[in-house]
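Have a look at the structure below before the remarks.
Readers should treat all values here as calculations from the given coordinates under stated rules, not as data from a laboratory. Keep in mind that this is a model prediction, so the values were computed, not measured. Here the Cβ is made from the backbone with ideal geometry for all residues, glycine too, and neighbour counts use every protein chain on show.
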Amino acid sequence: MTAAPVPPILMGVYRYPRMMTSKSEPAILGVLPGRVWLTGQQGVFFDAPTQQISAKANKTVGHVTLKVGGDKHVVSGLGSASGAPFAPQQLQELEASRAATRANPGAQSLMAGRELYIGKAGKADGSVQGGLASVAQNEIGQQRDFGAALRELLAAVGVSL
């Protein structure tokens, strides 16, 4: 009897082309043991074995910088204030992955296996009102929680942080 295939764990993240700039885009980070991929609305950013990925985590803010080949991808649970929302197709893909993840006992040991993480555009836009809205909605606390789940997930599949 063969074992059932392990389902991927997906997280809805915001990808920044450079360190936390005003430009971010919704993307899906997927992981399997030994493999990580990042897809956006326009296609695949990378799909690589974990040994080809180096990562640096910022535990204060909660974002993670992934280096694959010569490219850097900063991923975060909070997008820029001008960040686009997730497309309906992306949300459907994330929701569809939940049933398989919930049915996998191994996935339940991880935060990202117990809860579906989908990022959102932040409120901090450089204005006082945006900053107050960000504080009022505890965005930095949410981002830290998101970052902890992201770091745990990457470490579980073999990406060294």
Quickly run through the stretch 78-125 and pick out the residues that are assigned to a loop (DSSP other than H, G, I, E, B) and over 19 Å from residue 8 (Cα atoms). 80, 81, 82, 83, 84, 85, 86, 87, 122, 123, 124, 125
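Within the stretch 1-72, considering only strands (runs of 3 or more DSSP E) that don't extend past its boundaries, which have at least 3 residues that are surrounded by 14 or more Cβ atoms within 10 Å (Cβ to Cβ), touching a helix residue (DSSP H, G or I) at 6+ places or on another chain (Cβ under 7 Å) and in contact (Cβ under 8 Å) with a residue 24 or more places away in the chain?
On the way: elements: 9-16, 25-32, 35-40, 43-49, 53-57, 64-68.
Fully inside the stretch 1-72 and qualifying: 9-16, 25-32.
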